[in-house]
Amino acid sequence: MIQSNAASALATQEAGPSVDAAAQSPIPTTPSRAANDPVARSPAGPQDDLEDDEHAELRLARSRDRNREHARRTRLRKKQQLESLQGKVKELQDESKLLKQTIEECSIASILLELSNGDEGRNEDVDEDAKGIENIISKSVEE
């Protein structure tokens, strides 16, 4: 029996002290209160949560103010662009009107020039018509 006691003592020394393995595990088997409770997580407790909420509200208010200012500047920029484009449209309409008038004047001048110069191969009736038109135009200019 003495030998068996010695063998048992030797086995105990090699295995180390007999302690429950779950008790020595660094990972707890049940979740701790600190992991689930926000008050337990914060070192100062509920007071820090109130300060965090106040900071969040301040950040939100600043963000809203920045957004409001950005929207105001965007509206002003859009208004200026619209006014600029409306001015450009007006300029282009005036230019178009002037060009159409110039084309009309050139067209009339071309017709009159053609009537006054005439072709050599035209018959006498056409020459008389051209002279009649020139007389009418000259009379209307004189009046």
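The values are calculated or read from the model by the stated rules, or taken from the named source; none is laboratory data. Note that the structure is a prediction, hence the values are computed from the model and not measured. Backbone-built Cβ (ideal geometry, glycine too); neighbour counts: all protein chains shown. Each accessible area value is taken on the protein alone, full model and side chains, heavy atoms only, with ligands, DNA and RNA left out. Shrake-Rupley method; radii C 1.70, N 1.55, O 1.52, S 1.80 Å.
Values as computed for the structure displayed
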| read-out | value |
| --- | --- |
| Estimated FRET transfer efficiency (Ile111, Glu83; beta-carbon r; R0 30 Å; 0.05) | 0.10 |
| Per residue, in Å², the accessible surface of region 41-111 once ligands and nucleic acids are set aside, probe 1.4 Å | 93 |
| Lysines with Cα under 19 Å of Lys78, excluding same-chain neighbours fewer than 8 positions away | Lys88, Lys90 |
